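Enquirer: First the structure, then my questions, so here it is.
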Amino acid sequence: MQAQEHATVPVTEQPVVDTELMTTEAAAGDALLPALLPDVGGEATIDGNDAVRLDEVRGLLAAIRRLESIVEEETAALATGKKIDFDDFSARKSRSMLEFVRLMRARMHLGAEVEITEEIQRLREKLERNRSILEMHYDAVREVAAIIVKAIKDAESDGTYTGRATQGGR
């Protein structure tokens, strides 16, 4: 195809960018953006599905953090030897765990979210530490209870039915 000699071609003006000026200003610390970048409006737009997903993630993270907070509070109280209400902590942990499990079941598709996976891993570690300290306290309570039971049995017994060997082996 040949161009016609007298054809008019619309010409749009293109901004002229002084690259030397840009280089000089960039070196001075005031870097300029290229002049031909489109303006995206400054804020990222979030469609409805992303907004719902973001709310679901926030809700699930909040539930995990509430459970984490309760577990940390109980662990700290156990580790420092403070007197604590085990029934209160048990009820609070149970309610929080129920909330977490229900949210996870309803939002299984969020299980692959990195932030949620990391929070669950931190929660798992805190629960393991809590379990370990609770087990240590339980073992101590069991030992004290065994000592008390033995002391009571010894105090009530006159030795008649204990099966102790006599001195002469008879």
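Bear in mind these aren't lab numbers, they're just calculated from the coordinates by the rules spelled out. Being a predicted model, the structure only gives us computed values, none of them experimental. Cβ: placed from backbone, ideal geometry, glycine included. Neighbour counts: every protein chain shown.
Enquirer: To the nearest 0.05, how large is the calculated FRET efficiency for K82 and R105 if R₀ is 30 Å and r is the Cβ-Cβ distance?
Expert: 0.30
Enquirer: Compare the peptides 119-127, 149-157 by average per-residue count of other Cβ atoms within 10 angstrom and give them in order, highest first.
Expert: Packing order, densest peptide first, comes out as 119-127, 149-157.
Enquirer: Could you order peptides 65-78, 88-101 by the average number of other Cβ atoms within 10 Å of their residues, highest first?
Expert: Top to bottom by mean Cβ count within 10 Å: 65-78, 88-101.
Enquirer: For the peptides 140-147, 128-135, what is the packing order when you average, over each peptide's residues, the other Cβ atoms within 10 Å and list the highest mean first?
Expert: 128-135, 140-147
Enquirer: Along segment 66-81, what does the Karplus equation 6.51 cos²θ - 1.76 cosθ + 1.60 (θ = phi - 60°) give for ³J(HN,Hα), rounded to whole Hz, x for Gly and Pro?
Expert: So the Karplus estimates, Gly and Pro as x, are 5, 4, 4, 4, 5, 4, 4, 4, 5, 4, 5, 5, 5, 5, 8, x Hz.
Enquirer: A further question follows. Report the rotationally averaged projected area of segment 55-145 based on its alpha-carbon convex hull, in square nanometres.
Expert: Approximately 6.2 nm², given one-decimal rounding.
Enquirer: R66 label point, 7 Å along Cα→Cβ, cut-off 17 Å on backbone N: hits in segment 100-141?
Expert: Inside the label zone: 100-107, 120, 123.
Enquirer: I've got another one for you. Quick one: if the Förster radius is 41 Å, what FRET efficiency do L98 and I147 give, using the C-beta to C-beta distance and rounding to 0.05?
Expert: FRET efficiency, L98 to I147: 0.65.
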